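Undergrad: Dumping the structure here so I can ask a few things about it.
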Amino acid sequence: LDGKVYVATWGGGFAIYDMENDTWTSRGVADGLSNGSIADLAVSRTERRVYCATNNNVSIYNPSTDTFSEFINLTEPVTSSVEVRNTSGGVERWYGPRVESLGGGGDEGITVSRGSSVYYYTQENSGLPESDVNAIYFDEDGDELYWVAFSNQGLSSVDVDNSIWTNYTTVQGLPSNTVYSVTRAASPQGGSTIWVATQDGIARLKSDGTWQGYATSGGLSSDR
């Protein structure tokens, strides 16, 4: 954002690298950050804000004023992930909870904030297979789906417009049902596809909806 790279740390808040001047600064709890352990952050270029998923709610940093605000309307204050995108209805933000320490009850889930409205995806009101979320990724260069990675239930693609959740597990070829991250990258067949990082290797989504896995047996230096 504006020539600066924001780097989340676990315990030290976030660092800010100024590319033009080759200098580093940082912001932490003493500056207004709600918690120094940041699992994920996302930049909203439209709002000129940086969203930080922390162990105590979501902190929102305004670089122009060097101040923080806080989002607390969450199903669980310990947040693992944040994704921000522009929609016709305004800026939409998805916040994923980390609930393994709580045993993963049914009330926790993904919080979605758009304008002044707040929505919740839980196991009771949606196709969310699990409350313990590791990562959220919006695929704006593909089918404009949200992808949600879970600790124990694999991966889901979410078609928001049609309220369709499609879950992928080892049954469809994932190396593991513990998925840590997801992104879009090049495909060996040309173009690009979704790739995921799991406990037992990485995998890419094939055109038939199944997954091609890669692990140490195929040359990966380590499975996790």
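The values are calculated or read from the model by the stated rules, or taken from the named source; none is laboratory data. Since the structure is predicted, the reported quantities are computational estimates derived from the model, not experimental observations. Cβ placement follows ideal geometry from the backbone for every residue including glycine, while neighbour counts extend to all protein chains displayed. Each accessible area value is taken on the protein alone, full model and side chains, heavy atoms only, with ligands, DNA and RNA left out. Shrake-Rupley method; radii C 1.70, N 1.55, O 1.52, S 1.80 Å.
Undergrad: Collect residues whose amide H, placed 1.01 Å from N in the peptide plane, falls under 5 Å from the amide H of I110; neighbours closer than 5 in sequence don't count.
TA: Amide H neighbours of I110: Y121.
Undergrad: Leaving out ligands, DNA and RNA, and with a 1.4 Å probe, what % of the accessible surface on the range 1-143 is carbon or sulfur? Display every interim value, and only then the final one.
TA: Working: 2920 of 6760 Å².
Taking all protein chains in place, the range 1-143 shows 43 percent carbon and sulfur surface.
Undergrad: Still on this structure: Is the shape of the range 98-224 best called rounded, prolate or oblate, per the rule: a/c under 1.5 gives rounded, else a/b larger than b/c gives prolate, else oblate, with a ≥ b ≥ c the square roots of the Cα gyration tensor eigenvalues?
TA: Working: a/c = 2.23, a/b = 1.42, b/c = 1.57.
Taking the square roots of the gyration eigenvalues as a ≥ b ≥ c, the range 98-224 is oblate.
Undergrad: Moving on to the next point. Averaged per residue, what accessible surface does the range 125-224 expose to a 1.4 Å probe, in Å²?
TA: Working: 4790 Å² over 100 residues.
Value for the range 125-224: 48 Å² per residue.
Undergrad: Further question: Using alpha-carbon pairs under 8 Å, 6+ residues apart, how would you state the relative contact order of the chain in percent? Walk me through the numbers on the way to the answer.
TA: Numbers: 571 pairs, mean separation 20.0, N = 224.
Relative contact order comes out at 9 percent.
Undergrad: Alpha carbon centre of the range 144-191 versus the range 23-86: separation in Å?
TA: Here the two parts' Cα centres lie 25 Å apart.
Undergrad: Can you compute the modelled spin-label distance between W165 and T46, with each label point 7 Å from Cα toward Cβ, in nm?
TA: Spacing of the two 7 Å Cα→Cβ label points: 2.5 nm.
Undergrad: Need the full-extension length gain, R224 to A186, defined as separation in residues times 0.36 nm minus the C-alpha distance. One decimal, nm.
TA: Working: separation 38, 0.36 × 38 = 13.68 nm, distance 2.08 nm.
Working it through step by step, the gained length comes to 11.6 nm.
Undergrad: If the elastic network links every pair of Cα atoms under 10 Å, which of A203, A15, A186 fluctuates the most in the Gaussian network model of the chain?
TA: A186
Undergrad: Just to confirm, what accessible area per residue do you get for the range 26-116 at 1.4 Å probe, in whole Å²?
TA: On the way: 3810 Å² over 91 residues.
Ligands and nucleic acids excluded, the result is 42 Å² per residue.
Undergrad: Let me ask another. Report the relative contact order of the range 1-128, percent, no decimals, based on alpha-carbon pairs under 8 angstrom and at least 6 residues apart.
TA: Details: 295 pairs, mean separation 18.4, N = 128.
14 percent.
Undergrad: Turning to a different aspect of this structure: Could you pull out which residues in the range 153-172 have an amide N less than 15 Å from a spot 7 Å beyond the Cα of S217, following the Cα-Cβ vector?
TA: Correct set: 170-171.
Undergrad: Compute the signed sum of charges (Lys and Arg +1, Asp and Glu -1) over the other residues within less than 12 Å, Cβ to Cβ, of A8.
TA: Numbers: positive: R27; negative: D40.
That sum, taken over residues with Cβ under 12 Å, equals 0.
Undergrad: Keeping all protein chains in position, work out how much accessible area Y168 exposes to a 1.4 Å probe, and write it in Å² to the nearest 10.
TA: Rounded to the nearest 10, the figure is 30 Å².
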